Amino acid sequence: VKQLIYVVISLVFASVSVYAAQSADNSVFYDANKEIAIKADLFEFESDEQRQRATELARQLRCPQCQNQNLIESNSPIAKDLRLRVFEMMKDGATEQEVVDFMTKRFGEFVLYDPVVSPKTSVLWFLPLIILVFAIYLAARTVVRSK
Amino acid sequence: MVGVPLPAFNLQGLYDESQFYSRDDLLDGDFMLINVWASWCAACKSEHGFLTRLQHQGIDIIGLNYRDERKPALSMLKDLGDPYQAIIYDIHGSLALDLGVIGAPETFLISPAGEIVHRFSGVLDKQIWDKQFVPLLVGVGK
């Protein structure tokens, strides 16, 4: 009986997935971005050194649509577009700072894994340090008291 | 991308493949909205009714059809109506990339001089319109 139940369950599962595959409306999810993805994957740099620099830079930029993936890791269309844009800019002789400026102007400092130190980001940079100092103070006080 | 001029572009229209829109074609010396939408975007559908209301109030709205396909995009407009004065067909998201769009819907307010004066990411409704957009329109009699 058990075996029969397994067979029935797997049959139901198989038919449901076949049905789902057939009824999926491909037109909605057609990947118009394919060309760009291929272009980015097959991008020809002038030198290996340039490729390395561009890839390294793209790795340091966060995909604006994703939670925490960089432009190289993410497969989202926007990451692929931006990856290609970074490669093109580097090939055209843009400096790393110019690429970073291009990205932050559009998508904000969210794309930077290492945000610049400014009044806006000071909490981000200095709070851990303050907490550390405070923790050392508390620990020291406890030790002194217990003596 | 707020406080800078609307970037230049030259893209096909959604209705007519042979028609191309550029920045200068669309700027008409009045405030206008650029609304980023797509047929695959469910939130855009819920925003559509409010856009139609804005259109009736005389607000110029340019549609930026984002990474979409013609067929489903046109059928969505057939079902829900078309609140747009013109629709740019941005299949590869190139203008969207220049605008820093991270998803749909997004709405940009463009000044008569062609400058981006406000950007809103999410579903536009009356509350947000009154709070974030209307104060920026004051002084032009709209």
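The values are calculated or read from the model by the stated rules, or taken from the named source; none is laboratory data. None of these values were measured; they are calculated from a predicted model. Cβ sites come from the backbone with ideal geometry, for glycine too, and all protein chains shown count toward neighbours. These area figures cover heavy atoms from the full protein model, side chains too; ligands, DNA and RNA do not enter into them. Shrake-Rupley method; radii C 1.70, N 1.55, O 1.52, S 1.80 Å.
Would you check if B:Tyr15 is farther than 16 Å from B:Val117 by Cβ, away from chain A (no Cβ under 14 Å), modelled with pLDDT of 90 or more and part of a strand (DSSP E or B)?
no
List the helices (runs of 4 or more DSSP H) that sit entirely inside region B:40-100 and contain at least 3 residues that are among the basic types (Lys, Arg) and open to solvent by 10 Å² or more (accessible area, probe 1.4 Å).
B:70-80
Among the residues of region A:44-69, count how many are within 14 Å of chain B (Cβ to nearest Cβ) and aliphatic (A, V, I, L, M).
Adding up the residues that qualify gives 1.
Among the residues of region A:70-85, are any surrounded by fewer than 18 Cβ atoms within 10 Å (Cβ to Cβ), away from chain B (no Cβ under 14 Å), assigned to a helix (DSSP H, G or I) and not basic (Lys, Arg)?
Within region A:70-85, not a single residue is surrounded by fewer than 18 Cβ atoms within 10 Å (Cβ to Cβ), away from chain B (no Cβ under 14 Å), assigned to a helix (DSSP H, G or I) and not basic (Lys, Arg).
Considering only residues that are within 14 Å of another protein chain (Cβ to nearest Cβ), assigned to a strand (DSSP E or B) and open to solvent by 20 Å² or more (accessible area, probe 1.4 Å), which ones fall in region B:101-119?
B:Arg119
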